[in-house]
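Q: One structure, pasted below without further comment.
No lab work stands behind these numbers, since they all come straight from the coordinates. Please read all numbers here as calculations on a predicted model, not as lab measurements.
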Amino acid sequence: MDQSSAKADDRRSFLRYTTRILAAVAAAMAGFGGVRVVVSGAGDRPRREVPKHLLSSLESGAIPEHVAAAGVWIARLDDQAPPLILDDRCTHLGCRVRWDSTVHGFRCPCHGSEFGASGEVRKGPATRPLTRLFVREEGKEVVIVPDKAP
């Protein structure tokens, strides 16, 4: 075997070895991600519960009420209309939005998206409004807020 073929074999061996290492790392990362989803229960949707008294005590035009455990903002924009219930996650990347009285709307602390009081986009990078949720009463104590209209 001459010197040039020995160098070519060394290069091939190096490339095979490097490819195997990279494949193993990629497989480990993919496996770790799958385990995280299973362990964290990311596929399970938590039950969103809001106390009834909160809905009945809302005043028209008041600052929206944040129910962090349910992941929602609740407001009454009009005395005649049902309460407005918005998901508290920004539609850009899912950060929790906060009420900002200076802009009379919601602001995302991660990337600066702004939403109006009824969830409409005022400033990007978000392009979709906050997700509107709906009320379905269940039992005497709680109101369930499903992701679809009743």
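Q: Could you pull out every residue, at least 5 positions away or on a different chain, whose amide H is within less than 5 Å of the one on ASP88? Hs are placed 1.01 Å off N in the peptide plane, and Pro or chain starts have none.
A: HN-HN under 5 Å from ASP88: VAL72, TRP73.
Q: Got a sec to turn the phi values of the range 53-66 into Karplus ³J(HN,Hα) couplings, 6.51 cos²θ - 1.76 cosθ + 1.60 with θ = phi - 60°, whole Hz, x for Gly and Pro?
A: 4, 5, 5, 6, 8, 5, 9, 4, x, 6, 4, x, 9, 9
Q: Same structure again: What residues qualify as long-range amide H neighbours of VAL143, i.e. H under 5 Å apart, gap of 5 or more or another chain, H built at 1.01 Å from N?
A: HN-HN under 5 Å from VAL143: VAL50, LYS52.
Q: Still on this model: Spelling out what I want: for every residue of the range 102-117, take phi, set θ = phi - 60°, compute 6.51 cos²θ - 1.76 cosθ + 1.60 (Karplus), and round to whole Hz; glycine and proline get x.
A: Result, rounded to whole Hz: 5, 10, 6, x, 9, 10, 8, x, 7, 10, x, 4, 10, 10, x, 4.
Q: Please list the non-local residues whose amide H lies under 5 Å from the amide H of ARG122, H modeled 1.01 Å from N, same-chain partners needing a gap of 5 or more.
A: It is GLU114, PHE115, GLY116, by chain and number.
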